[in-house]
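Quick notes on the structure that follows.
The values are calculated or read from the model by the stated rules, or taken from the named source; none is laboratory data. Just so you know, these numbers come straight off a predicted model, no measurement behind them. Methodologically, a virtual Cβ is constructed for each residue, glycine included, from the backbone with ideal geometry; neighbour enumeration extends over all protein chains shown.
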Amino acid sequence: MSVRPALAKLNHSDVRQRRRAVRHLFELDDAEALDGFVRLLEDPDPWFREKALEAIQRWAASKDLALIERLAGSPQQTRRLLAARIAGRAGKGGLAVLTALCEDDDPSIRLAAWQARMGLDSAAVKLGISSDDRAVRKAAVDRLSAVDLPDEKRLLQLLNDDSEGVRTAALGIIEAGDTAQSEAISERLTELATQSAGETKARIAALLIADSPEALGEWISDQNTAFVNHFAKTLRQSNWASVDGLPAQLEAEASEALLARILRGERSQEATQMRESLLTDEARTPELRSRLIEDLIGRPIHDSTLDIAQSLTESSEEIIASSAKNLLAEHAD
């Protein structure tokens, strides 16, 4: 059955025939069917009304501006939301619809309209940054770097936003940049670091360390798992073992969680020396020493490290002795 016969059956007295026609038209996927579905917007059966909206979302185009305007003026939230999602297809006329919907009382419609509007009009991005709606501001910042790298004043505005989502998006812009941070930006990042935790704090720390390596001591003692996981990646990428004085500073000041993460699989001379120092340091927790040993299983081992493992098989700490024996057994094989 082609499109026209199927459209005719949309008015059939048998609801089963009508439903079959709807399904068949969707299978045909022909935009010519749209007019037939528009008539179903006022059908008493909610199933047909829902299918009408689905058809509009699928097939509405620039020529259907009047339909989009009709949806945008509807008191029904679902119809206005649909208008926000498809208005961009109608070019300038659709942009006018979106501009109006950006003032909608419903936050989901407002956000959808802003997102579509910013996709059509780059000038709307900067307008969105000043919106009273946090979600809109966040969406605007997400698009900002693709439009125009913000200057220091704009970045400070974003970093001072009361929305965490906006501030986090601003971090992404800074991370993507390739220039040193100004003093004002660095000061603001330092303030934010004291108010942040986990991955967000780690991202800020990484930005600050890039310009101020001496700030490292402020961060490396943090034991938060999310912070440690992200910050360890940063240190690895910076080749921490080759930075003069850094291995000693890490050994002296870093949390044991961070030490374990950065040493895992690290084979440099500096890392080997640090690992051996930690293994023989009885002031360290048995958990750290055991983990360092376990991490060596399946990896090449220096003879000096192997000698230490041998001595640790006699440790009074069962967890350490057990790990050392496991390592030696695996190495013997």
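Residues in the stretch 310-333 that are surrounded by 15 or more Cβ atoms within 10 Å (Cβ to Cβ) and hydrophobic (A, V, I, L, M, F, W, C): 312, 319, 320, 321, 324, 327, 328. Summed over the stretch 67-97, residues that are of a type in the set (Lys, Arg) and within 19 Å of residue 107 (Cβ to Cβ) total 3.
Scan the stretch 218-250 for residues that are over 23 Å from residue 192 (Cα atoms) and buried (at least 18 other Cβ atoms within 10 Å of the Cβ) and the total you get is 5. Here residue 92 meets each of (1) over 28 Å from the mean Cα position of the chain (by Cα); (2) modelled with pLDDT of 95 or more with one exception, condition (2). On the stretch given as the stretch 86-107, residues that are surrounded by fewer than 21 Cβ atoms within 10 Å (Cβ to Cβ), touching a helix residue (DSSP H, G or I) at 6+ places or on another chain (Cβ under 6 Å) and under 17 Å from residue 135 (Cβ atoms) total 2.
With respect to the conditions (1) surrounded by 17 or more Cβ atoms within 10 Å (Cβ to Cβ); (2) under 18 Å from residue 204 (Cβ atoms); (3) over 19 Å from the mean Cα position of the chain (by Cα), residue 125 falls short on a single one, namely (2).
Taking the criterion of being part of a helix (DSSP H, G or I) and in contact (Cβ under 8 Å) with a residue 24 or more places away in the chain, the residues of the stretch 310-333 that qualify are 312, 319, 320, 322, 323, 324, 326, 327, 330, 331.
Residues 42, 32: which one is of a type in the set (Asp, Glu), more than 27 Å from residue 108 (Cα to Cα), surrounded by fewer than 15 Cβ atoms within 10 Å (Cβ to Cβ) and modelled with pLDDT under 95? Before you say what the answer is, go through the steps one by one.
On the way: 42 fails: more than 27 Å from residue 108 (Cα to Cα).
The match here is 32.
One line per residue, one yes/no per condition, for (1) assigned to a loop (DSSP other than H, G, I, E, B); (2) free of Cβ contacts under 8 Å to residues at least 40 places away in the same chain; (3) surrounded by 14 or more Cβ atoms within 10 Å (Cβ to Cβ):
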| residue | (1), (2), (3) |
| --- | --- |
| 267 | yes, yes, no |
| 277 | no, yes, yes |
| 296 | yes, yes, yes |
| 308 | no, yes, yes |
